[in-house]
Each structure stands twice: as structure tokens, then as C-alpha cells.
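Trainee: Handing you a structure now.
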Amino acid sequence: MNTFRKFYIENKEKFFGYLLRKTGNYHLSADIMQESFTRYLERYKDREESPALLFTIGRNLLYDHFRKNRGDTSYEDELHGEGTGQEEAYGIKEEYQGVLRAMEKLDDEERDILSLVVSSNLSYREIAKITGNSEGNIKVKIHRSRTKLKTILRQGQS
């Protein structure tokens, strides 16, 4: 159990960040994270620890959720951070929501791949395995998705 605790501590922030980028919803992300770690522990506790497997479980749970609840992609109006002034917190919140809105304009695959790259610290090879693409294809898709996101963000500032 101590090894799972260590695995949880090492991966919870990256994993939660991935889920939050995918959903834009703090509470949904927390629920999916909890369910993912629970399933991982129940089904794979005897296997070698694998962040890629955890992200695959979470990704599948997200897809299941969105299939069941089409259209429920609302943003949370909460900022979950401490130690910043109210004005600074508002600025951070606005910027974060702007990026989430821009990411919503990407297609699902682009959003998924960017979320995995930014949040997970997984290698391109691991991301390729999770998404069912080749490593070279992932590199191209990441580059194109980043370029598209930058363009969307620039258009929003004009």
C-alpha cells in the first residue's frame, strides 16, 4: 500500500491538471481522478506502476462521462488557488478561462493530446500508446495543435 501511496502522491497533481484541462470543471475532474485511482488500485495493484495506464483509465472514464452527459461542459467559476491577491486571482482566472475556451475550439483529439503533453510528463511514446497513434504522428499532432491553439488565442486578443 505504501508503493501505491507514493504513486498517488507522484501523479495526482499532473493527472488532475490533465483532467481539469479536458473538462474545465473542477468537481468533475476531482470525481474522475478519484474513480481513476480507485480503479487502478482495484484492478492493477499487482502490476508495475504505470502513469500511462492511469491516464488511460482517466481518459476512458472521461469519454464515458461525456457520452452519457452530452453537452455538460460548463466551466467552474471558482479559482482553486491560495496566496494571491483578489485582483491578481481575477486576472489568473480570466486568463485560465480564456485558454480553456480556446482549447474548446480544438477538436477532441487535439485537446486530448495537448492536455496529455502539458499535464502528464509522459513521453511521446507513452502518449502514442494511450491514443493509439505512432510516436511520429503524435509529434506532428502536438505541433499542429499548439500552432492552432496559438492562432485561436491571438484571434481572441484582437
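The values are calculated or read from the model by the stated rules, or taken from the named source; none is laboratory data. These numbers come from a predicted model, not from an experiment. Every residue, glycine among them, receives a Cβ derived from its backbone with ideal geometry; neighbour counts consider all protein chains shown.
Trainee: Looking at Gly83, Gly24, Gly17, which is the one that is over 22 Å from Leu114 (Cβ atoms), at pLDDT below 90 and small (Gly, Ala, Ser)?
Mentor: Values: Gly24 fails: over 22 Å from Leu114 (Cβ atoms); Gly17 fails: over 22 Å from Leu114 (Cβ atoms).
Result: Gly83 is the single residue among Gly83, Gly24, Gly17 that is over 22 Å from Leu114 (Cβ atoms), at pLDDT below 90 and small (Gly, Ala, Ser).
Trainee: While we're looking at this one, here's another question. Write out, first by first residue and then by second, each pair whose Cβ atoms fall under 8 Å of each other, whose residues are 6+ apart or on separate chains, and whose first residue, in segment 24-50, is of a type in the set (Lys, Arg) while the second is surrounded by 15 or more Cβ atoms within 10 Å (Cβ to Cβ).
Mentor: Within 8 Å, the pairs are Arg39/Ile57; Arg39/Leu61; Arg47/Leu53.
Trainee: Let me ask another. Consider only pairs whose beta carbons are under 6 Å apart and that are at least six residues apart or on different chains; among these, list those whose first residue lies in segment 101-129 and is over 9 Å from Ser145 (Cβ atoms) and whose second residue is acidic (Asp, Glu) and at pLDDT 90 or above.
Mentor: Once the first residue is over 9 Å from Ser145 (Cβ atoms) and sits in segment 101-129, its partners that are acidic (Asp, Glu) and at pLDDT 90 or above give Tyr124/Glu135; Arg125/Glu135; Ala128/Glu135.
Trainee: Here's something else I'd like to know. I'd like the residue in segment 98-147 that is touching a Gly at 6+ places or on another chain (Cβ under 8 Å) and more than 15 Å from Gly17 (Cβ to Cβ) and, out of all such residues, is modelled with the lowest pLDDT.
Mentor: Gly98
Trainee: Let me ask something else. Determine whether Lys93 is modelled with pLDDT under 90, surrounded by 15 or more Cβ atoms within 10 Å (Cβ to Cβ) and under 23 Å from Asn11 (Cα atoms). So that I can check it myself, show each step before the final result.
Mentor: On the way: modelled with pLDDT under 90: yes; surrounded by 15 or more Cβ atoms within 10 Å (Cβ to Cβ): yes; under 23 Å from Asn11 (Cα atoms): no.
The answer is no for Lys93.
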